[in-house]
């Protein structure tokens, strides 16, 4: 399976970290040069912010653009692909997960979330499938508002994502809540961001977004309220789906013993 790592060209330490990690796990990969937030003008940022009800940071737009670049690459190669951000730490058994997903004949709209984040998800009570050999399981996700550090997407789903994101949206919240997506969480989760397994200071504020710039906000209050209402309707739709099936709200399972860092890697 193709592995694509989104990374800024200037992030030499993170690229070194990923190269070492991939070599240790015996995985082939390639880097995708991320879109640079510094290339955005204030007008670009304001134009994007007008399409999202919450405050928008420059790096939010760069992240959105970078993932769209990755989806374009998936479409061009016409291959199911793992997309990683460059602070993703992989479990020692990620190879087993890759093999299982690669060999499955999934529907085109099936997207796998490989990532652990310390926030409850609403998931089905029973997994869709279990790998008898490794014990990994895939469970339907009905609500997940955070995380695109590690996921699997195919070319048809990537094409549809590109169509759905012609205007800016906070990319992870938007991605997992498309009505046409069948989102499946792999457990134990084989991907976690470095900040969640590093020192306790980093873990204390896991969702803090910092920026040298002020946040941009939509200029139209009426449009802002309309967009907020639309997001609440999406949330209600997902909750109705969860209610239709047997579901529960819980943390995603992970096995910390399967994640290894070299002594200097918690500083990346």
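Looking only at region 122-176, residues that are assigned to a loop (DSSP other than H, G, I, E, B), under 11 Å from the mean Cα position of the chain (by Cα) and within 22 Å of residue 94 (Cα to Cα) come to 6 in all. In the condition set (1) in contact with a helix residue (DSSP H, G or I) (Cβ under 8 Å, 6 or more places away or on another chain); (2) at pLDDT 95 or above, residue 150 is compliant with all but (1).
Give region 52-65 a look and list any residue that's under 14 Å from residue 174 (Cβ atoms) and in contact (Cβ under 8 Å) with a residue 60 or more places away in the chain, or say none. Selection gives 52, 53, 54, 56, 60, 61, 63, 64. In region 28-53, of all residues being in a loop (DSSP other than H, G, I, E, B) and surrounded by fewer than 16 Cβ atoms within 10 Å (Cβ to Cβ), the one that is farthest from the chain's Cα centre (by Cα) corresponds to 41.
Here residue 178 meets the list (1) over 19 Å from residue 227 (Cα atoms); (2) surrounded by fewer than 22 Cβ atoms within 10 Å (Cβ to Cβ); (3) modelled with pLDDT under 95 almost entirely, failing just condition (1). Just so you know, in region 166-175 the residues that are out of contact with any helix residue (DSSP H, G or I) (no Cβ under 6 Å at 6 or more places or on another chain) and farther than 21 Å from residue 115 by Cα include one that is surrounded by the most Cβ atoms within 10 Å (Cβ to Cβ), and it is 167.
Among the candidates 254, 240, 227, the residue that is at pLDDT 80 or above and assigned to a helix (DSSP H, G or I) is uniquely 227. Within region 54-77, the only residue that satisfies the criterion of being more than 26 Å from residue 195 (Cα to Cα) and buried (at least 22 other Cβ atoms within 10 Å of the Cβ) is 74. Listed conditions (1) surrounded by fewer than 16 Cβ atoms within 10 Å (Cβ to Cβ); (2) assigned to a helix (DSSP H, G or I); (3) within 19 Å of the chain's Cα centre (by Cα) are all met by residue 24, apart from (3). Listed conditions (1) within 30 Å of residue 214 (Cβ to Cβ); (2) in contact with a strand residue (DSSP E or B) (Cβ under 6 Å, 6 or more places away or on another chain) are all met by residue 67, apart from (2).
Of all the residues in region 78-113, those that are in a loop (DSSP other than H, G, I, E, B), surrounded by fewer than 17 Cβ atoms within 10 Å (Cβ to Cβ) and touching a residue at least 40 places away in the same chain (Cβ under 8 Å) number 7.
Considering (1) farther than 30 Å from residue 228 by Cα; (2) at pLDDT below 95, the lone condition that residue 54 does not fulfil carries the number (1).
The values are calculated or read from the model by the stated rules, or taken from the named source; none is laboratory data. Only a predicted model underlies this, so the values are computations on that prediction, with no experimental measurement involved. Here Cβ is always computed from backbone atoms with ideal geometry, including for glycine, and neighbour counts include all displayed protein chains.
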